[in-house]
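The values are calculated or read from the model by the stated rules, or taken from the named source; none is laboratory data. Since the structure is predicted, the reported quantities are computational estimates derived from the model, not experimental observations. In this analysis, Cβ positions are derived from the backbone assuming ideal geometry, glycine residues included, and neighbour counts consider all displayed protein chains. The area values use the complete protein model at the heavy-atom level, side chains included, leaving out ligands, DNA and RNA. Shrake-Rupley method; radii C 1.70, N 1.55, O 1.52, S 1.80 Å.
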Amino acid sequence: VQLQASGGGLVQAGDSLRLSCVASGRTFSSSNMGWFRQPPAKERESVAGIGRYGVTFYTDAVKGRFTISRDNAKNTVILQMNSLKPEDTAVYYCAADSSGHPHPSRTESSYDNWGQGTQVTVSS
């Protein structure tokens with residue numbers, strides 16, 4: 001699976017952005033998908049995940065503001081980000097876990113394919 005992330009940009013606090021990740025290959029529908037982010041000078045962290053059966057999770061910092069969804073017909077996973085804050089500034093990565101595990105993981109090592117990252121910058 002090859003992943004292509006897009007949709008990042010420079011926005012003001014309170015604005016919204018919609019990140020998309022398009023996957024190539026035949027295993028998308030059976031893969032768990034995750035979004036991670038790496039803030040400046042910090043380690044990469046899990047943001048949200050959606051499993052092959054639609055189970056989702058969110059890190060506490062984005063609950064109620066971000067929504068992850070997937071469209072298997074379009075091989076796409078979406079991260080809708082509302083009420084953005086300056087602390088959401090980061091490079092955002094999508095990732096795919098094709099191991100067959102039934103639920104998405106918060107752990108980087110569970111994912112075997114990564115997109116190139118898209119920059120999100122939120123100004124105050």
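Of the residues Gln119, Gln80, which single one is assigned to a strand (DSSP E or B), open to solvent by 70 Å² or more (accessible area, probe 1.4 Å) and in contact with a strand residue (DSSP E or B) (Cβ under 9 Å, 6 or more places away or on another chain)? Give the steps one after another, and end with the answer.
Values: Gln80 fails: open to solvent by 70 Å² or more (accessible area, probe 1.4 Å).
Being assigned to a strand (DSSP E or B), open to solvent by 70 Å² or more (accessible area, probe 1.4 Å) and in contact with a strand residue (DSSP E or B) (Cβ under 9 Å, 6 or more places away or on another chain) holds for just one of Gln119, Gln80, which is Gln119.
Just the residues that are out of contact with any Asp or Glu (no Cβ under 8 Å at 6 or more places or on another chain), open to solvent by less than 40 Å² (accessible area, probe 1.4 Å) and either modelled with pLDDT of 95 or more or in a strand (DSSP E or B) (or both), please, taken from the stretch 94-112.
Cys94
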* Asked: What about Arg70, is it at pLDDT below 95, more than 18 Å from Glu108 (Cβ to Cβ) and not hydroxyl-bearing (Ser, Thr, Tyr)?
  -> no
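Listed here are the residues, each with its yes/no results for (1) under 14 Å from Val122 (Cα atoms); (2) open to solvent by less than 10 Å² (accessible area, probe 1.4 Å).
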{"residue": "Ser16", "(1), (2)": "yes, no"}
{"residue": "Thr27", "(1), (2)": "no, no"}
{"residue": "Asn32", "(1), (2)": "no, yes"}
{"residue": "Pro39", "(1), (2)": "yes, no"}
{"residue": "Arg44", "(1), (2)": "no, no"}
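In the set Arg52, Arg37, which member is within 15 Å of Ala96 (Cα to Cα) and part of a loop (DSSP other than H, G, I, E, B)?
Arg52
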* Sort through Ala48, Ala23, Ala61 and tell me the only one that's buried (at least 16 other Cβ atoms within 10 Å of the Cβ) and out of contact with any Pro (no Cβ under 9 Å at 6 or more places or on another chain). => Ala23
* Name the residue, out of Leu19, Leu84, Leu79, that is in contact with an Asp or Glu (Cβ under 8 Å, 6 or more places away or on another chain) and modelled with pLDDT of 95 or more. => Leu84
* To do: Being buried (at least 22 other Cβ atoms within 10 Å of the Cβ) and hydrophobic (A, V, I, L, M, F, W, C) is the filter here, so list the residues in the stretch 83-93 that pass it.
  => Leu84, Ala90
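Which of the residues spanning the stretch 11-34 are of a type in the set (Gly, Ala, Ser), outside any strand (DSSP E or B), touching a strand residue (DSSP E or B) at 6+ places or on another chain (Cβ under 8 Å) and in contact (Cβ under 8 Å) with a residue 60 or more places away in the chain?
So in the stretch 11-34, the residues of a type in the set (Gly, Ala, Ser) come out as 13-14, 16, 20, 23-25, 29-31, 34.
Next, only the ones that are outside any strand (DSSP E or B) stay: 13-14, 16, 25, 29-31.
Okay, now just the ones that are also touching a strand residue (DSSP E or B) at 6+ places or on another chain (Cβ under 8 Å), so 13, 16, 25, 31.
Once the filter is applied, which keeps residues that are of a type in the set (Gly, Ala, Ser), outside any strand (DSSP E or B), touching a strand residue (DSSP E or B) at 6+ places or on another chain (Cβ under 8 Å) and in contact (Cβ under 8 Å) with a residue 60 or more places away in the chain, the stretch 11-34 yields Ala13, Ser16, Ser31.
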